[in-house]
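Report on the structure given below.
The values are calculated or read from the model by the stated rules, or taken from the named source; none is laboratory data. In this text the structure is predicted, and so the values were computed from the model without any measurement. Note that each Cβ is placed from the backbone with ideal geometry, even for glycine, and that neighbours are counted across all protein chains shown.
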Amino acid sequence: MAQTFAWCHALGELRSEERLRLAPLGWSESPVSTLDLASRLSGLMADLRNEEIEPDEVASIAGNRQSMESAAIWQTLAAADRRARDYMHEAGLEVPSLLSRSISAGAPKYRSVVLLGVTELPKSMRRLLLHPDISVHSIVHAPAVDESYFDSFGCPRPDRWAHRPIDIDDEVIVAAQDHRCQAMETLRFIGDRADLFSIDEYTVGLGDLTVHRTIQRFLEGAGVPTHSAYGRSLATARPLLLLRALAEYASSEDSDALAALLRHPDAEYLLDRHASGPSLLTLLDFHRAKHLPRRIDAAISYACKEKKELEALVRTARRLVGSVSQSVTDVRIAADNIARLLLAAYGAADHSSIAREYTEALQTELKALASVLQRLSMLPAALAEYAPIRGSDIIRWLTRMASRIPIPETYKGPSVELVNWFELSSDDAPVKIITGMNNGSVPEMPAYDPLLSESLRSALGLPGTEVRYARDAHALSAICASTPNLRIVWGKTSVDGSALAPSRLLFAVDDKTLVTRANQAFTSHDSIPPSIPVLFPSAATSVLVMPRPSVPEPPITHLRVTAFKDYIACKYRFYLRHVLGLQALDDEARELDGAGFGSLLHTVIGEFARSDRLTSVEPNAVVKELYQRLDSLVKATYGAERSIYLEQQLRHIRIRLMRYAEFHCKRSLDGWRTKEEWIEVDAEKDLVVDDIPFRIQGRIDRIEYRDDTNEYAILDLKTSDRRTEPEESHRQGPRNAKVWTDLQLPLYRQIAPIPSGSSIKVGYILLDGAEDRPPLAIADWTDADYASALDRAEEIIRGVRAGVFWPPSMVVPTWDDDLSSICMDRSPYRQALIARAPSIWR
């Protein structure tokens, strides 16, 4: 860490264009980016010095064999490296790689050194071991006849292993379709030997770390205890995730960051306990879904029911992040501020309700994080005094650094070990499974720094991919020779579905075997197929049920017009939505949904109806009034700071309002008139069914009257991009046997405040954005059609009164809505679940 900050100071002395030359593509001048770059470059210098190479030497070779630009980059690096070393010396510290050279020149601490299974040694370490007073003994996992395949330190020789065949039985190798199938094969191989070996006699070697968690979950899910040598990254620790949430809110103060902070399980220990918790989070989610705020201020500028609670929350959150949002010039102060935040969150927290294993894990995470913060707080002043940096930036950098810090798993008794695959060569387990045996993972491709091209590495004499191949070839040979029960699994596709090839180590065989194995790998379809993993024995009955509805008490006596469509589509969904009132809350809303988009447009038109422009026949005047009403409504509902998504939708609404203005004026010129009480009309009327009145309610968008023909028109406004005529949306089926799927317009005709016996037309105003088509669409229905619609409405009313909400429709939506899970839409056993559904909701 000290070297990283020494490099930060050195980089700060470079010109901007010089820093940019050293940085990766897309790099920006920010504190976190500079820390990342410093960490990377200090690591690069350490790697070079481990091989006893100085950056000046690289610059010289780059000038001779590479481009002048490459030479200039390394000259800049050499100068920055000298300054970084100066900063280390001023702080009283020594560069570790230089320290090893001074040690090699003095008397050795140890006279005898044993190298056990060492596969790679840098030149600096070899220099130490070549000291005349040190006796080196190398122990290698290989037969004595293979001594020539290793150097004097026991490291595999790349020139010898490059062409050596590896003896692998074909029966040992299995291809799996994907990462889940690799996990299933691992589980199957263990299960087939369950009677022969105890649980701690199995070891799984991971060639591809991306399948690590999948395999562990499958084994644990099947009741097989596991212990992973990898543990997990400190970056996933709860305390660090809390710090990240605080840092994000400190930087942006936007509503998404506030919601993310509230969702952290430990946030309640930092925020006011009376102002936090699920209820406040729900309030925030409802607020975000309705008002779509980019950020929420301590003084909310628009009207909302949650104003008092949310303003208090914002004030508390801002006080909380104040210490990490301010800039400091000493990173030790930032580290202390972060430590105080953690102490506030966890120091006095009551964890008695948390399971013991989680409490122990939390303590381990806090200790690991405290160790990192302690290293920061103990930096010498010469390094810690840095350019102004915020605590939130330090947290971001800690998060990136923490991804490389493992938290070991707690040992819980005998279990299947999960280790890096090449560690299996020194493992004495009689049963071993290697997974992820794919090219690119085995042999692993080293992550060389882009400043050191392959040709430059070769010119410098740095080890290349051949060293890694030799290491892995030796490891696989040793595993195959020493494991009586071995399975090697390679995947045909990666976790993200990309095609994979088997490891080239599997083809390190004689020519005859090579042809057979390649043919089997690339043409055979005999692989573990994708499957649904069944990790537990089947129960006698399913615990997944679709509860039958109960008859509401008292019976339903009224419905909105739009609810009839839902009953026709699915009685059960109608029950869930209109009787129980179930609805989803979209806590990730970035823009208005379809209903919200239409509702905003309807509200604007309703406001327009109360203006003196209602009778105008000038489109420009009408559209100006509509725009003014829209702007006022948007400001009152969504505030002044709005997201780019909402602004884009508002542009589409303005286009539709312009079309509405043109339609409104044309209808007036054609002799149709309307008035304030005929725009956005809340209408209701009793429909007498079986001598009992039933109230029908609805909001009619527009009613018009034409004096010369004594006609009325009831028009419903449609704002969807998809243009649907009234006939298509209301009736389906063959020409002579159409059935009603929606009763909206016929029921509007029934409840509208229009004198009985009047001539009434119904239709749509289609504001779909298609400017080349007229917006008016009138339904061509006869009196008989309207009569059949009323008959269908009466049938529905009888069913609703009687509590007939079962069974669900066998036709399910092609998309997942908020009720799909309850209705088991995607279950292959849906019909059986419906047949045996219990009545448990009372």
Checklist entry - Applying the selection to the range 699-740, what residues are at pLDDT below 95 and of a type in the set (Val, Ile, Thr)? => result THR709, THR719, THR724
Checklist outcome for this item: In the range 701-738, anything under 44 Å from the mean Cα position of the chain (by Cα), more than 23 Å from ALA793 (Cα to Cα) and loosely packed, with under 15 Cβ neighbours inside 10 Å is listed as SER720, ASP721, ARG722
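Say whether the condition of being exposed (fewer than 11 other Cβ atoms within 10 Å of the Cβ) and either modelled with pLDDT under 95 or in contact with a strand residue (DSSP E or B) (Cβ under 7 Å, 6 or more places away or on another chain) (or both) is met by at least one residue in the range 550-565.
yes
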Checklist outcome for this item: Of the conditions (1) touching a His at 6+ places or on another chain (Cβ under 8 Å); (2) in a strand (DSSP E or B), the single one that LYS432 does not satisfy is (1)
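Take LEU456 and decide whether it is surrounded by 19 or more Cβ atoms within 10 Å (Cβ to Cβ), more than 32 Å from the chain's Cα centre (by Cα) and in contact (Cβ under 8 Å) with a residue 12 or more places away in the chain.
no
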Next on the checklist: Between PRO463, PRO450, PRO446, which is within 22 Å of TYR149 (Cβ to Cβ) and either among the β-branched types (Val, Ile, Thr) or under 31 Å from the mean Cα position of the chain (by Cα) (or both)?
Outcome noted: PRO446
Item to check | Neighbours by Cβ (under 7 Å, 6+ apart or cross-chain): first from the range 771-799, farther than 14 Å from PHE663 by Cβ; second of a type in the set (S, T, N, Q) and surrounded by fewer than 15 Cβ atoms within 10 Å (Cβ to Cβ) | outcome: none
Next on the checklist: Suppose we keep only residues that are outside any loop (DSSP other than H, G, I, E, B) and within 16 Å of TYR712 (Cα to Cα) within the range 673-692. Which one would you say is nearest to the chain's Cα centre (by Cα)?
Outcome noted: GLU680
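Quick check: is even one residue across the range 177-184 crowded, with 16+ Cβ neighbours inside 10 Å, among the basic types (Lys, Arg) and in contact (Cβ under 8 Å) with a residue 24 or more places away in the chain?
yes
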Checklist entry - Does the range 401-420 include one or more residues that are touching a helix residue (DSSP H, G or I) at 6+ places or on another chain (Cβ under 7 Å) and aromatic (Phe, Trp, Tyr)? => result no
Next on the checklist: Here's a check for you: in the range 27-63, which residue that is aliphatic (A, V, I, L, M), in contact with a Ser or Thr (Cβ under 7 Å, 6 or more places away or on another chain) and free of Cβ contacts under 8 Å to residues at least 60 places away in the same chain is farthest from ALA10 (Cα to Cα)?
Outcome noted: ALA46
Checklist entry - Do we have SER97 as under 30 Å from GLN3 (Cβ atoms), over 49 Å from the mean Cα position of the chain (by Cα), at pLDDT below 95 and not in a loop (DSSP other than H, G, I, E, B) here? => result no
Item to check | Elements of type strands (runs of 3 or more DSSP E) in the range 111-205, at least 3 residues being among the hydrophobic types (A, V, I, L, M, F, W, C) and assigned by TED's automatic domain parsing to the domain that holds SER425 | outcome: 173-176
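Rundown of residues vs (1) without any contact (Cβ under 8 Å) to a residue 60 or more places away in the chain; (2) in contact with a Ser or Thr (Cβ under 8 Å, 6 or more places away or on another chain); (3) buried (at least 22 other Cβ atoms within 10 Å of the Cβ); (4) among the aromatic types (Phe, Trp, Tyr), yes/no style:
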position: LEU383; (1), (2), (3), (4): no, no, yes, no
position: ARG400; (1), (2), (3), (4): no, no, no, no
position: TYR448; (1), (2), (3), (4): yes, no, no, yes
position: GLY464; (1), (2), (3), (4): yes, yes, no, no
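Of everything in the range 62-78 that's surrounded by fewer than 17 Cβ atoms within 10 Å (Cβ to Cβ) and in a helix (DSSP H, G or I), which residue is modelled with the highest pLDDT?
Out of the qualifying residues, it is ALA72.
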Checklist entry - Within the group GLU417, GLU365, GLU409, which residue is assigned to a helix (DSSP H, G or I) and among the acidic types (Asp, Glu)? => result GLU365
Checklist entry - Limited to the range 217-235, what total is found for residues that are assigned to a helix (DSSP H, G or I), touching a residue at least 60 places away in the same chain (Cβ under 8 Å) and either surrounded by fewer than 21 Cβ atoms within 10 Å (Cβ to Cβ) or of a type in the set (Phe, Trp, Tyr) (or both)? => result 3
Item to check | Matching entry among PRO24, PRO31, PRO55 (being of a type outside the set (D, E, K, R), buried (at least 19 other Cβ atoms within 10 Å of the Cβ) and either in the same structural domain as SER377 (by TED's automatic domain parsing) or at pLDDT below 85 (or both)) | outcome: PRO31
Checklist entry - Hey, among the residues in the range 327-362 that are under 20 Å from THR316 (Cβ atoms), part of a helix (DSSP H, G or I) and of a type outside the set (Gly, Ala, Ser), which one's modelled with the lowest pLDDT? => result TYR346
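Within the bounds of the range 693-708, is there any residue that is out of contact with any strand residue (DSSP E or B) (no Cβ under 7 Å at 6 or more places or on another chain) and touching a residue at least 12 places away in the same chain (Cβ under 8 Å)?
Looking through the range 693-708, at least one residue is out of contact with any strand residue (DSSP E or B) (no Cβ under 7 Å at 6 or more places or on another chain) and touching a residue at least 12 places away in the same chain (Cβ under 8 Å).
Going by the conditions given, is THR674 surrounded by 18 or more Cβ atoms within 10 Å (Cβ to Cβ), in contact (Cβ under 8 Å) with a residue 60 or more places away in the chain and hydroxyl-bearing (Ser, Thr, Tyr)? Can you show your working first?
Details: surrounded by 18 or more Cβ atoms within 10 Å (Cβ to Cβ): yes; in contact (Cβ under 8 Å) with a residue 60 or more places away in the chain: yes; hydroxyl-bearing (Ser, Thr, Tyr): yes.
Against the criterion (surrounded by 18 or more Cβ atoms within 10 Å (Cβ to Cβ), in contact (Cβ under 8 Å) with a residue 60 or more places away in the chain and hydroxyl-bearing (Ser, Thr, Tyr)), THR674 qualifies.
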Next on the checklist: Against the definition (assigned to a loop (DSSP other than H, G, I, E, B), buried (at least 17 other Cβ atoms within 10 Å of the Cβ) and not hydrophobic (A, V, I, L, M, F, W, C)), how does ASP768 come out, yes or no?
Outcome noted: yes
Item to check | Filter result (free of Cβ contacts under 8 Å to residues at least 12 places away in the same chain and of a type in the set (Asp, Glu)) within the range 587-606 | outcome: GLU588, ASP593
Checklist entry - Out of ALA470, ALA518, ALA478, ALA499, which single residue is crowded, with 22+ Cβ neighbours inside 10 Å and more than 23 Å from VAL224 (Cβ to Cβ)? => result ALA470
Next on the checklist: Looking at PRO165, PRO108 in this structure, which one is surrounded by fewer than 18 Cβ atoms within 10 Å (Cβ to Cβ), more than 15 Å from ARG471 (Cβ to Cβ) and touching a residue at least 40 places away in the same chain (Cβ under 8 Å)?
Outcome noted: PRO165
